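To keep things clear, I will list the structure first and then write my remarks on it.
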Amino acid sequence: MKKTICALTLISIIFASTVFATFSDMPTFESYKTAIEYLTKKGVINGYEDNTFKPANPITRAEFAKMIITALGEKCEDATETKFDDVEVEFWATKYINKSAELGLVNGYEDDTFRPQNNITYSEVAAVIIRAMGKENLTKTSNEVKMQNYMNVAYDLNLFDGVVTNDLVYISPARRDNVALMIYNMLNLEISH
């Protein structure tokens with residue numbers, strides 16, 4: 001009986017910690033909290049070892065490749081080769097970067113690099129999400145600067161719903177909380193259509 005109670009207690013502790021993930025620095029806006037908790041449960045995003053999320057921190061291109069591939073439920077094999085000159089096979093995100101490139105979600109630069117440690121910009125996040133949704137045809141209707149055009153389409157698709165910030169300039173580094181909300185909005189749009 002004692003073993004059963006201990007086992008049940010252990011299972012409930014494990015279950016509770018995986019079902020409800022919260023961080024000591026969780027944003028106060030409900031839209032962010034909902035998105036972060038949902039994506040954490042799904043394994044799309046992680047916090048840090050000190051139980052923080054660091055919502056205002058920028059996201060790197062490598063981190064975002066992992067997030068989008070995981071959010072889409074795509075399976076990736078461990079990398080045995082790399083698609084970009086500056087991404088080593090042993091790098092933790094190579095399989096996600098390769099899969100993102102294979103699916104046509106990300107592009108490298110003209111010099112065959114990916115620059116995985118560079119911060120990703122809002123327009124790059126918007127471009128990848130729009131491609132993931134199969135809506136890139138919507139970006140062809142304007143003569144505006146291409147990356148700003150992705151931002152306009154992202155607004156039209158309501159990917160920025162709930163975002164509470166003034167820093168959504170298309171060339172600005174994308175923040176963790178805003179990217180989480182954009183991915184959450186993408187998933188909700190995909191479900192509703």
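The values are calculated or read from the model by the stated rules, or taken from the named source; none is laboratory data. Values in this document were obtained by computation on a predicted structure and should not be read as measured data. A quick note on method: Cβ atoms are made from the backbone with ideal geometry, for glycine too, and the neighbour counts reach across all protein chains shown. Protein only, heavy atoms only, side chains kept; ligands, DNA and RNA dropped before computing areas. Shrake-Rupley method; radii C 1.70, N 1.55, O 1.52, S 1.80 Å.
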Next on the checklist: Pairs please, first residue from the stretch 25-45 and without any contact (Cβ under 8 Å) to a residue 24 or more places away in the chain, second anywhere and open to solvent by less than 60 Å² (accessible area, probe 1.4 Å) and of a type in the set (Val, Ile, Thr), Cβ atoms under 9 Å, 6+ apart in sequence or on different chains.
Outcome noted: Lys41/Val19
Item to check | Residues that are at pLDDT 75 or above and in a loop (DSSP other than H, G, I, E, B), drawn from the stretch 171-193 | outcome: Ile171, Ser172, Ala174
Item to check | For Thr165: the one exception among (1) open to solvent by 70 Å² or more (accessible area, probe 1.4 Å); (2) at pLDDT below 95 | outcome: (1)
Checklist entry - Under the condition of being touching a residue at least 60 places away in the same chain (Cβ under 8 Å) and over 11 Å from the mean Cα position of the chain (by Cα), which residue from the stretch 46-60 is least open to solvent (accessible area, probe 1.4 Å)? => result Phe53
Item to check | Residue in the stretch 61-77 that is surrounded by the fewest Cβ atoms within 10 Å (Cβ to Cβ), counting only those that are within 18 Å of Gly134 (Cα to Cα) and aliphatic (A, V, I, L, M) | outcome: Leu72
Item to check | helices (runs of 4 or more DSSP H) within the stretch 78-161 that include 1 or more residues open to solvent by 60 Å² or more (accessible area, probe 1.4 Å), of a type outside the set (A, V, I, L, M) and more than 18 Å from Ile68 (Cα to Cα) | outcome: 146-156
Next on the checklist: Anything in the stretch 101-115 that is in contact with a Phe, Trp or Tyr (Cβ under 7 Å, 6 or more places away or on another chain) and of a type in the set (Val, Ile, Thr)? List them, or say none.
Outcome noted: Thr113
